[in-house]
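Okay, structure first, notes after.
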Amino acid sequence: MKQQSPKGTQQFQFEIVHDHIYRERIPETVGKRESLVTMSANLSKSASNGLEKILTSVEQQEKIDEVRKLIGPLSGNLALYCSDASIARYLRARNWNVKKATKMLKETLKWRNEHKPEKIRWEEIAHEAETGKIYRSNFMDKHGRPVLVMRPACQNTKSTKGQIRYLVYCMENAILNLPTNQEQMVWLIDFKGFNMSHISVKVTKETANVLQNRYPERLGAAILYNPPKFFESFWTVVKPFLEPKTYRKVKFVYSDDLNSKKIMEDLFDMDTLESAFGGNNQVGFNINDYAERMREDDKRMPLFWSSERASMVFEPTSALGTCHDSVNVESDSNDSDKGGDSSSHNITPEKCLSECNSPEANQSNDRVEGIHTDGGDVKLEKDLGNVTLNP
């Protein structure tokens, strides 16, 4: 279905695909600003690439059982990880292709067996969190999904390995805090103060790989809040690393746009949403308070991975979800990574907040132009080869 704007207003064309509304500028309208994605018409449903297989619950269980048979016997945390719900996420990520899903899951099991992400603790990565560059907010969205706030302008280390390891810690922590009937989280990315010096294709690529290959179907929505104009070129470089089901969850939001305001109001309770994102909550990030929250969560993690809990928890297996690619958490970007502690950039929370509120920072937050979300982008697939797992 397509709809054209009334005469006298900026000309856009709209297309509704599987409950998601995509908006792009009409070709003959030039020199105008545009939004990338408007609000999903039904946020309770996951995105679809238009080719998603719809299976009955019986058919889904048959696929899950096939994958489990191909994976073979497991023990310890790896066995707990491979619940029916977890296997279903990998199948959805690969459109219910058993062979591809099994390959993807084996790679993840190999990665988890090596890096043991569930055993990362706050004291190990606390220095990465000092400026509030990534943290789990103390509010959820209206669907009960945990919210990871990200502020790339507050980057305080040079180590790719450390940055990705901290991201993994945050992902595991968000999963720890999922309601029993929810599988996904929301990323809320604040671009205030963001400039060209904060761009790292390598870190962004590995972040996408971790999200898609190690945590498939965990992303519910990614809100890019006030991205600067120059982000357009960077997005063009990054987008091929994202699968269509993933990048269609990305929503560009601008604080001076009424449609953007509607996105935030539909997703969040404005009384709990931080004021930095247009909400009424004036309480921002405090490293001391956050450290205490994370230490308490660390104490809960062993129970989360206990067989006793696994036998009690309810996990949905039939809901259709989203996401998918591959990364080595321990890989360094360059020699400077070897000394990547928080002092490397000498950024404090106070300095970060000051820079983010500077006139220069505000001037840089022009809109992104000329970006479309038609499904025509090249889907990047990597041949991981035959993967074997010896837990």
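The values are calculated or read from the model by the stated rules, or taken from the named source; none is laboratory data. These numbers were taken from a predicted model, which means no experiment stands behind them. As a convention, Cβ positions derive from the backbone with ideal geometry for all residues, glycine included, and neighbour counts pool all protein chains shown.
Within region 175-186, can you find the residues that are in contact (Cβ under 8 Å) with a residue 40 or more places away in the chain and touching a Gly at 6+ places or on another chain (Cβ under 9 Å)?
Hits for region 175-186 are N181, E183, Q184, M185, V186.
Residue by residue, here is whether (1) more than 22 Å from E296 (Cα to Cα); (2) in a helix (DSSP H, G or I); (3) touching a Leu at 6+ places or on another chain (Cβ under 9 Å); (4) assigned by TED's automatic domain parsing to the domain that holds N280 holds:
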site: P73; (1), (2), (3), (4): yes, no, no, no
site: S86; (1), (2), (3), (4): yes, yes, yes, no
site: H127; (1), (2), (3), (4): no, yes, no, yes
site: R136; (1), (2), (3), (4): no, no, yes, yes
site: R165; (1), (2), (3), (4): no, yes, no, yes
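Working only within region 87-107, note down all residues that are polar (S, T, N, Q) and surrounded by 19 or more Cβ atoms within 10 Å (Cβ to Cβ).
T102
Return the pairs, sorted by first residue and then second, in which the second residue is crowded, with 21+ Cβ neighbours inside 10 Å and of a type in the set (S, T, Y), the first residue lies in region 89-112 and is in the same structural domain as I64 (by TED's automatic domain parsing), the beta carbons are less than 7 Å apart, and the residues are 6+ apart or on different chains.
Within 7 Å, the pairs are A101/Y90; M104/Y90; L105/Y90.
Go through (1) under 18 Å from T108 (Cα atoms); (2) touching a Pro at 6+ places or on another chain (Cβ under 8 Å) one by one and return the number of the condition F191 breaks.
Exception for F191: condition (1).
Can you give me the ranges of the helices (runs of 4 or more DSSP H) entirely in region 191-282 with at least 2 residues that are over 30 Å from C82 (Cβ atoms) and touching a residue at least 24 places away in the same chain (Cβ under 8 Å)?
Answer list for region 191-282: 201-209, 231-238, 258-267.
One line per residue, one yes/no per condition, for (1) at pLDDT below 95; (2) under 22 Å from P117 (Cβ atoms); (3) of a type in the set (G, A, S); (4) touching a strand residue (DSSP E or B) at 6+ places or on another chain (Cβ under 9 Å):
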site: N259; (1), (2), (3), (4): yes, no, no, yes
site: L267; (1), (2), (3), (4): no, no, no, yes
site: Q282; (1), (2), (3), (4): yes, no, no, yes
site: R295; (1), (2), (3), (4): no, yes, no, no
site: W305; (1), (2), (3), (4): yes, yes, no, no
site: E308; (1), (2), (3), (4): yes, yes, no, no
site: F314; (1), (2), (3), (4): yes, no, no, no
